[in-house]
Amino acid sequence: DAGITQSPRHKVTETGTPVTLRCHQTENHRYMYWYRQDPGHGLRLIHYSYGVKDTDKGEVSDGYSVSRSKTEDFLLTLESATSSQTSVYFCAISESMAGGHNEQFFGPGTRLTVL
Amino acid sequence: QKEVEQNSGPLSVPEGAIASLNCTYSDRGSQSFFWYRQYSGKSPELIMSIYSNGDKEDGRFTAQLNKASQYVSLLIRDSQPSDSATYLCAVNIPSNDYKLSFGAGTTVTVRA
């Protein structure tokens, strides 16, 4: 998994609670991403980071926030979890954007269930 | 129109045959194209990147790109049961180099 870990790997939580997922990389890649994957929707970008403290929204960012205080860590927070946020969450990293050659490598994923 | 569309599948092929996967994209300005393999319950794994028109071969995999027709394909030669997986096509979004657009995937089953 290209030196990418995600924690926790599985989590069950209740509606209304805050949840933080962590992505940690040892590749020193500049760019990091959070996706969710749901049946019928494929992979959808939640937020991404293009450097320490530099983040931006993806296509499904409502209800999520992110932080990146160090190159190696990218945190995804569900401020108040809802059942619609039950999903598998993947972190990805990439080294370069040169010429649009944005090869992204994925972590192992976190399966989140919101009851 | 979806940005990236893949043949819906599932695709069932006998062992040893060629599996052919197709992907079309809507933004003529896209320049980078990727194929990912995802086993059930696992994360996507990058197997091919292609940036120029024509063919690119890597082992039993061949990616084919035709920018004029806006399609990219993946051929798996001598298909093996271990090739049974979902294959995702991804394309860069010209308006934002940070982003990729992913297709919904094509599930391939190789019959022994």
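Pull up segment A:90-115, narrow it to residues that are within 14 Å of chain B (Cβ to nearest Cβ), open to solvent by 50 Å² or more (accessible area, probe 1.4 Å) and not in a strand (DSSP E or B), then point me to the one that is modelled with the lowest pLDDT.
Going residue by residue through segment A:90-115, those that are within 14 Å of chain B (Cβ to nearest Cβ) are A:90-111.
Restricting the remaining residues to those that are open to solvent by 50 Å² or more (accessible area, probe 1.4 Å) gives A:95, A:98-99, A:101, A:103, A:105, A:111.
From what is left, the residues that are not in a strand (DSSP E or B) are A:95, A:98-99, A:101, A:103.
On the way: A:95: 90, A:98: 76, A:99: 72, A:101: 83, A:103: 94.
Ranking the candidates gives A:99 first.
Can you tell me which residue among A:3, A:16 is touching a strand residue (DSSP E or B) at 6+ places or on another chain (Cβ under 8 Å), of a type outside the set (Phe, Trp, Tyr) and in contact (Cβ under 8 Å) with a residue 24 or more places away in the chain?
After ruling out the rest, the residue left standing is A:3.
Answer yes or no as to whether residue B:25 is under 30 Å from residue A:4 (Cα atoms) and either within 11 Å of chain A (Cβ to nearest Cβ) or surrounded by fewer than 14 Cβ atoms within 10 Å (Cβ to Cβ) (or both).
Considered against the rule, which asks whether it is under 30 Å from residue A:4 (Cα atoms) and either within 11 Å of chain A (Cβ to nearest Cβ) or surrounded by fewer than 14 Cβ atoms within 10 Å (Cβ to Cβ) (or both), residue B:25 comes out as no.
If only one of A:7, A:87 is within 15 Å of the chain's Cα centre (by Cα), among the small types (Gly, Ala, Ser), open to solvent by 40 Å² or more (accessible area, probe 1.4 Å) and over 30 Å from residue B:31 (Cα atoms), which one is it?
Criteria check complete, one pass: A:7.
Name the single residue that is farthest from residue A:110 (Cα to Cα) among those in segment A:49-63 being in contact with a Ser or Thr (Cβ under 7 Å, 6 or more places away or on another chain) and among the hydroxyl-bearing types (Ser, Thr, Tyr).
Looking at the filtered set, the residue picked out is A:55.
Please verify whether segment B:54-72 includes one or more residues that are within 11 Å of another protein chain (Cβ to nearest Cβ) and at pLDDT 95 or above.
No; the residues of segment B:54-72 include none that is within 11 Å of another protein chain (Cβ to nearest Cβ) and at pLDDT 95 or above.
Check segment B:80-95 and report whether any residue there is more than 14 Å from chain A (Cβ to nearest Cβ), over 28 Å from residue A:87 (Cβ atoms) and not in a strand (DSSP E or B).
Yes, because at least one residue in segment B:80-95 is more than 14 Å from chain A (Cβ to nearest Cβ), over 28 Å from residue A:87 (Cβ atoms) and not in a strand (DSSP E or B).
Hey, which of the strands (runs of 3 or more DSSP E) in segment B:13-60, taking only ones fully inside, have at least 1 residues that are more than 26 Å from residue A:107 (Cα to Cα) and of a type in the set (S, T, N, Q)?
Hits in segment B:13-60: B:19-25.
Kindly indicate whether any position in segment A:62-80 is open to solvent by less than 30 Å² (accessible area, probe 1.4 Å), away from chain B (no Cβ under 12 Å) and not in a strand (DSSP E or B).
no
Take the conditions within 14 Å of chain A (Cβ to nearest Cβ), out of contact with any Cys (no Cβ under 7 Å at 6 or more places or on another chain) and either surrounded by fewer than 18 Cβ atoms within 10 Å (Cβ to Cβ) or part of a strand (DSSP E or B) (or both) and apply them to residue B:107. Does it pass?
Yes: the conditions hold for residue B:107.
The values are calculated or read from the model by the stated rules, or taken from the named source; none is laboratory data. This structure is a prediction, so every number in the text was calculated from the model and none was measured. Here the Cβ is made from the backbone with ideal geometry for all residues, glycine too, and neighbour counts use every protein chain on show. To get the accessible areas, we keep the full protein, side chains included, count just its heavy atoms, and leave off ligands, DNA and RNA. Shrake-Rupley method; radii C 1.70, N 1.55, O 1.52, S 1.80 Å.
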